[in-house]
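Written out below as structure tokens is the structure these notes cover.
Please treat every number below as a calculation from the coordinates, not as lab data. Only a predicted model underlies this, so the values are computations on that prediction, with no experimental measurement involved. Here Cβ is always computed from backbone atoms with ideal geometry, including for glycine, and neighbour counts include all displayed protein chains.
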Amino acid sequence: MKTLLAIGSNMGDRKGYLDRAVEELGRRAGEVLAVSDLIETKAYGVTDQADFLNGALLLETELSPWDLLEVIHEIEADLDRVRTIRWGPRTVDIDIIFYGDRIVDEEELHIPHVDCYNRRFVLEPAARIAPDYVDPRTGKRVEELLAELENKE
């Protein structure tokens, strides 16, 4: 299943953490088909923290969405991610944005990612590597979602 993931880091060797996250996703979760360039952005939510490096990757996986989430949490923990403050500083953050055409609305897992439509730091890198990926909730392509967000700003 093709899945679109967002990655970010704002602690320590940000690029190093993201490179290692991509490497581990390829080793543990499936085949990494494409990785975007990284962009530097201001923090979202809790804004009194260091800037983030953000990117996106397209992954071909045989894991279920729940198994993929478990692997993501393991990779984050292995890369020193500590969950103390929601939207707080982190060595690495990996989010499932889209998983094929699946829609999942559960307490621990929301696909499409619940706030992706408001996050330029998600949509901009995603549009660079998967502009035609269709959001199953809206039926719009990623590049259309980015254009809509840009028009709101």
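What to note about this one:
- Label-zone membership for the range 1-18, site D101, 7 angstrom Cα→C-beta point, backbone N under 19 Å: 1-4
- Helical mean residue ellipticity (222 nm; -39500 (n - 2.57) per DSSP H run of 4+; nearest 500) of the chain: -10500 deg cm²/dmol
- A Gaussian network model of the chain, with springs between Cα atoms under 10 Å, assigns the largest mean-square fluctuation among A50, A127, A29 to A50.
- Cross-link partners of K15 among lysines, defined as those whose alpha carbon lies under 17 angstrom from its own and excluding same-chain residues fewer than eight positions apart: K42.
- For A56, the residues 5 or more places off, or on other chains, whose built amide H falls under 5 Å of its own are I7, S36.
- Under 15 Å, Cβ to Cβ, from M1 - net charge with Lys/Arg +1 and Asp/Glu -1: -3
- Springs join every pair of Cα atoms under 10 Å in this Gaussian network model of the chain, and among Y133, Y44, Y99 the largest mean-square fluctuation is at Y44.
- Listed residue (V32, A50, C116) projecting farthest to the positive dipole end of the chain, Cβ model: A50
- The dipole here belongs to the chain: it is taken about the Cα centre, uses +1 on the Cβ of Lys and Arg and -1 on the Cβ of Asp and Glu, and is about 280 debye.
- Residue order, fewest to most beta carbons within 10 Å, for R119, R90: R119, R90
- Fewest-first ordering of S36, S9, S64 by other beta carbons within 10 Å of each residue's beta carbon gives S64, S36, S9.
- Pairwise label distance in nanometres, E31 with E108, each label 7 Å out on the Cα-Cβ vector: 3.0
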